[in-house]
Every structure is written in C-alpha cells, then in structure tokens.
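Here's the structure, in structure tokens; my notes come after.
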Amino acid sequence: MRRAGRLLGRAVLLALCAALAGCAPSSTLSLTATELTAGHDFVERASVDADANVLAPYDFSLELMRRCSDEAAGRSVLVSPLSVLYALAMAESGATGQTLAQMERATGMGADELTGALQAYLQLSGPQDSPVSLANSIWLRDSENLSVEDDFLDACGGSLAAQVFAAPFDDSTVTDVNAWVSDKTHGMIPNVLGHLSDQAQFLLVNALTFEGAWLSPFSRELVTQETFTLEDGTEKDVEMMRSLESTYLEGELATGFAKPYEGGTYQFVGLLPNEGITVSELLGSLDGEALSDLLVPVENTIVDVGLPKFSLGYDVELSEALRSLGITDAFDASRADFSRMGTSDVGPLFVGGVIHKTFIEVSEEGTRAAATTAVAMDGGAGTTDEEEPELRTVILDRPFVYLIVDARTGTPIFIGTLMSVE
C-alpha cells in the first residue's frame, strides 16, 4: 500500500503492465494532473486466446436498458453496456466481500472472468483500422490522507490498460478529466463532470468511441421525406434512408434487420416492435437468450430497409439503475467494502455516483457514436438454398430498438431506443 502522494515510483511498473494489456501510448493531451504511467516505452502486447474474448452480456445490457428506459419516461435512450462494464470492472478490482458479490451477480460474471474478457476485448479493438477505440483511466486525489493498494493499481493498469493520474481534485481536475474524455471520444462527448465533491477520492473513467462506415452506404438519391409516428400517435417528418439488406430478423414481438459496417466485424441492428406492441413491451419480453435467438437471421430472405437519419445525445446518473440490479452495498458508506482499492483517512470508500454519457449520429455514410462512464469513489460517512429469396420489409417509421453489435463475440457495444425524431 502506498500513499497517493508517493506513487510516482510506480510509473515504470504500471507503464509495463498497461503495455502488456494492449493500450496505446498516451496522446499529447496537455493536463495539469500528473500521469503516473507516462514517459515510458511500450512493449509488444501479450497474446490472448481467441476463445477467451467470448463475452455475452446480453442479460446485463437488457436489464440496464430497461432500468434507464423506465426512468426516461418515453424519451429516447442510448447506453453503452461495454463502457459501463469497463468502469464496473475497475471498481470490482478494488471490491471484496458482499460488495464484490453483488457486483458480480449484476454483471453475470465473476470479477476475474469479466476482467479477462474485457482485457481480451481491448486487444481485439486494438488495430488502428478498428472502428472501436477504448480507453480507461484512474484519477487519484493527491493527498497524504489517501492510501492506495498496489494490487488494485496493478490490476487496472495491467489487465484494463488504465492510465493513472494523481490530481488535486479541484477545478483543474474537472477540466483535466473533461479534456481527457473529449480527447478519447474525438470530441463527441466534450465533458462528463460538472464538479467534484469534497468527498471524492478516486475517479474510474472509461471512454469508448465507434466510428464505422457502412459496408454498402445508403444512396443519397434514395433518401425520402417520410413520417415517423410516435407511440402517442404524433407524427414527425423524417429523412428515411432506404436499402436492400441480406439479414432479416424475426421474433414473436418484432421484426428487424442487420446492416454491416466495413470489415464485417460490426453491424447495426434495428428491431421494430410489431403493430400494437410498445418498445417497453418488447424490451420487457427479452432476456439474454431471447435476444440472442432474435439476432439469428431468417434463412433465404432479403429485406427492404428503411432507417431514419438521426443523431442524439443522452446522459444519465446510473446509481439507481445499478441499485435496482442488486448493487446496493457499494453505494452505502457503512456497508461498502473497497478495501482492496485503498483507504482514506476521511472515511471508508464507497461509490458516490456513476455518470454515463453517450452520443450517436446515423447517416448515409455510417455511424459515429461515443460513450463515457465515470465512477466516483467517495470517502466519508449464409445459405445454400438456391430458391429465390423471399423479400421482407422493415421500415423503422415508429419507435424502435437498435444495437451496434460485435459480430465476432456478440458483444453489444451500444443499445438504444429511438422514441422520437427532431
């Protein structure tokens, strides 16, 4: 265990661990905070067994989405389950006892299993031509009152490739964290923090971006002005993009399609509830297995697709949603056990808040999306059928569910609802 004010000597070890986990060298972003992992050469990343990166967080994604949709009261919602899982994995690395057990039940994976899967995913998304980029960071209050466990920093700096910063936790730190998030999300999310509480001792931050061009872009000539009908019957004008796609999806309560991005690794999935079925009812009918089954293409079909052009930003405080998933002790100063993270002289560590912000823009050329999740740790009180394929139609002209999915692993990068258009 080391005092936060004496951690500079750990820079070499943490830089090596981060390099082995597959993170890129830090950018030239200018910060007033001291980066403890800066200034060192990075070595070749470790190899990961391909089977180790299979991640199936459908249940977690759907539960999180349902909680956020309930709170949104009819507004469009967009969450990145993957971003939230990275932030929770960093918190789990410092948790133990019942606090850790509750977090593991909520994510559906043991802490080591989750960290291993996310470490593998960091390597899968590492190539420069990947549309997904990921970054993690830990911000420590630079104070003699805070003692930080070496094993916690090793786990996050190594397995999760987190940059580690020591900072005064004043207005300059708010500016630094927001600049780091803006840099890592390519400006799509310019800030995540408005202020830091006097109790804040740690910040655990993930930033994720997706910038994918369609494998077959929508033709501008086929974009038409159409009507989008809200669940209450209100009609809105929308620019509808049209194309023919080869992946048609069908379930009891919805039909849909998948449209691939360049490279074929990632795909956009649109799910339209059947007439008379609300988005909430569709989400309520799905668990992880049902969603996985729904994403299996119907054989020998093609689909006439209509996808509205849209962009939206979304932000939510996730504490209540995570409490409803069973993570309760982590938010209670009298019961939280983050002793594997460190100790603070001002009181035991607990989760003071979880901020989640997202952005998405869908156009003829492709999709730009970003997410950030910040956990504030406080202290204190194909087919061989030769028959002509059947043509189906899925026009997303009323509220729908959509996902951006990694086709290799089934990982939902983003999941959202479009309830209205501007």
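Every number in this text was worked out from the coordinates using simple rules, so none of it is lab data. Model, not experiment: these values are computed from the prediction. Cβ placement follows ideal geometry from the backbone for every residue including glycine, while neighbour counts extend to all protein chains displayed.
Values computed for the structure shown
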{"quantity": "Kirkwood Rh and Cα Rg combined as Rg over Rh, evaluated for segment 188-304", "calculated": "1.07"}
{"quantity": "Positive minus negative residues near residue 257 (Lys, Arg vs Asp, Glu; Cβ under 14 Å)", "calculated": "-2"}
{"quantity": "Cross-link partners of residue 184 among aspartates and glutamates (Cα-Cα below 15 Å; sequence separation of 8 or more within a chain)", "calculated": "176, 211"}
{"quantity": "Histogram of C-alpha separations across the chain, 20 Å bin width, %", "calculated": "27, 55, 18, 1"}
{"quantity": "Virtual spin-label span in nm between residue 113 and residue 145, 7 Å along Cα→Cβ", "calculated": "3.9 nm"}
{"quantity": "Base-10 log of normalised Debye intensity for segment 141-237 (one unit scatterer per alpha-carbon) at q = 0.15, 0.18, 0.19, 0.23 Å⁻¹", "calculated": "-0.78, -0.95, -1.02, -1.27"}
{"quantity": "Span from the segment 62-139 Cα centroid across to the segment 296-350 one, whole angstrom", "calculated": "7 Å"}
{"quantity": "For 83, 30, 243, order by how many other beta-carbon atoms lie within 10 Å, fewest first", "calculated": "30, 243, 83"}
{"quantity": "Descending Cα extents along the principal axes, segment 294-422, whole Å", "calculated": "71, 37, 24"}
{"quantity": "Partner lysines for residue 236 [C-alpha distance under 23 Å; skip if fewer than 8 residues away on the same chain]", "calculated": "309"}
{"quantity": "Neighbourhood charge, 13 Å Cβ-Cβ cut-off, centred on residue 137 and excluding it, Lys, Arg +1 and Asp, Glu -1", "calculated": "-2"}
{"quantity": "Descending principal axes extents, segment 237-307, alpha-carbon based, whole Å", "calculated": "33, 32, 21"}
{"quantity": "Cα-only Debye scattering, segment 74-160: base-10 log of I(q)/I(0) at q = 0.19, 0.22 Å⁻¹", "calculated": "-0.95, -1.13"}
{"quantity": "Tensor-based shape of segment 267-337 (alpha-carbon gyration tensor, a/c under 1.5 rounded, otherwise prolate or oblate)", "calculated": "prolate"}
{"quantity": "Local net charge near residue 379, Cβ-Cβ under 11 Å (Lys/Arg +1, Asp/Glu -1)", "calculated": "-2"}
{"quantity": "Calculated FRET efficiency for the pair residue 339/residue 244, C-beta based, R₀ 41 Å, to 0.05", "calculated": "0.10"}
{"quantity": "Binned Cα-Cα distance frequencies in segment 220-261 - 10 Å width, integer %", "calculated": "23, 35, 40, 2"}
